[in-house]
Amino acid sequence: MNTTARLNWFKLVPKSFEALLSLNTTLEPSTLGKVLVDYVFARVSQINGCAYCLDMHVRDLRAQGEEWQRINSLPTWREVSFFNARERAALAWAESLTRLADSHDEREAEFAALKANFSDVEIAELSVAVAQINAWNRLNVGMRLPVPVKPLA
């Protein structure tokens, strides 16, 4: 394990970094809700192995009052009763879009669950959010952005 960054990508390509940051702000007025978005961001970051983003979004969830048991159960969200139908649909969609090559057939059932729980605008916003966190994950994992050591709240 190496915790030294390969490149400080956000300083090398500041316009790209700023563009990604500005994409983050487009989700702020969304009716998806910050808690749901942070669970999606955390789950995608788990799948992609992005320690930096996972740490950030788990801290955000705690700051919003989310309980440790629910956060800790995120990798096993299908096995526990802590997530409602809306959250389950969002997490399934996030996993599906993150693992594009795994299966194309299953997306119909996942999309049907989305349609039952989200408006068309929310589905589009959720899909953008998943694409966005995948971009952050790929950059941070690729450049090995280290996780700062600091106490958990």
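Taking each DSSP H run with n ≥ 4 as -39500 (n - 2.57) and averaging over every residue of the chain yields -19500 deg cm²/dmol at 222 nm. Placing a pseudo-label 7 Å from each Cα along the Cα-to-Cβ vector at GLU18 and ARG107 gives an inter-label distance of 3.4 nm. Residues in region 60-71 carry Karplus couplings, in order, of 4, 4, 4, 5, 8, x, 5, 7, 4, 4, 5, 4 Hz; the curve used is 6.51 cos²θ - 1.76 cosθ + 1.60 with θ = phi - 60°, and Gly or Pro positions show x. With angles folded into 0 to 90 degrees, how steeply does helix 120-142 sit against the dominant principal axis of the chain? Use alpha carbons for both and round to 10. That helix lies at roughly 30 degrees to the long axis. Highest mean packing first, where packing is the average number of other Cβ atoms within 10 Å per residue, the peptides 20-31, 50-61 line up as 50-61, 20-31.
Taking every alpha-carbon pair under 8 Å whose residues sit at least 6 apart, the chain reaches a relative contact order of 41 percent. Here the extension length gained between ARG99 and SER119 equals 4.9 nm, from 0.36 nm per residue of separation less the Cα-Cα distance.
Here r is the Cβ-Cβ distance between LEU152 and SER73 and R0 is 25 Å; the resulting FRET efficiency, rounded to 0.05, is 0.90.
If the Kirkwood radius is taken over C-alpha pairs of the chain, then at 25 °C and 0.890 mPa s the Stokes-Einstein diffusion coefficient equals 151 µm²/s. Here the dipole of region 32-142 is about 220 debye; that uses its Cα centre as origin and unit charges on the Cβ of Lys and Arg (positive) and Asp and Glu (negative). Tell me the angle of helix 107-117 to the major Cα principal axis of the chain, expressed in degrees between 0 and 90 and rounded to the nearest ten. In the chain, helix 107-117 runs at an angle near 80 degrees to the longest axis.
Candidates PRO146, ALA116, SER30 compared by Cα position along the dipole of the chain: farthest toward the positive end lies PRO146, with charges placed on Cβ.
Which of rounded, prolate, oblate describes region 8-62, given a ≥ b ≥ c as roots of the alpha-carbon gyration tensor eigenvalues and a/c under 1.5 marking rounded, otherwise prolate only if a/b is larger than b/c? Judged from the Cα gyration tensor, region 8-62 comes out oblate (a/c at least 1.5, b/c at or above a/b).
Net length available on complete extension from THR25 to ALA85 is 19.0 nm, with 0.36 nm assigned per residue and the Cα-Cα distance removed. Considering only PHE17, HIS57, LEU100, the residue lying farthest towards the positive end of the dipole of the chain is PHE17, judged by Cα position with unit charges set on Cβ.
Read-outs: derived from the displayed coordinates by stated rules, not from any lab. In this text, all values refer to a predicted model and were calculated from it rather than measured experimentally. Positions of Cβ are generated from backbone atoms using ideal geometry, with glycine treated the same way; all protein chains shown enter the neighbour counts.
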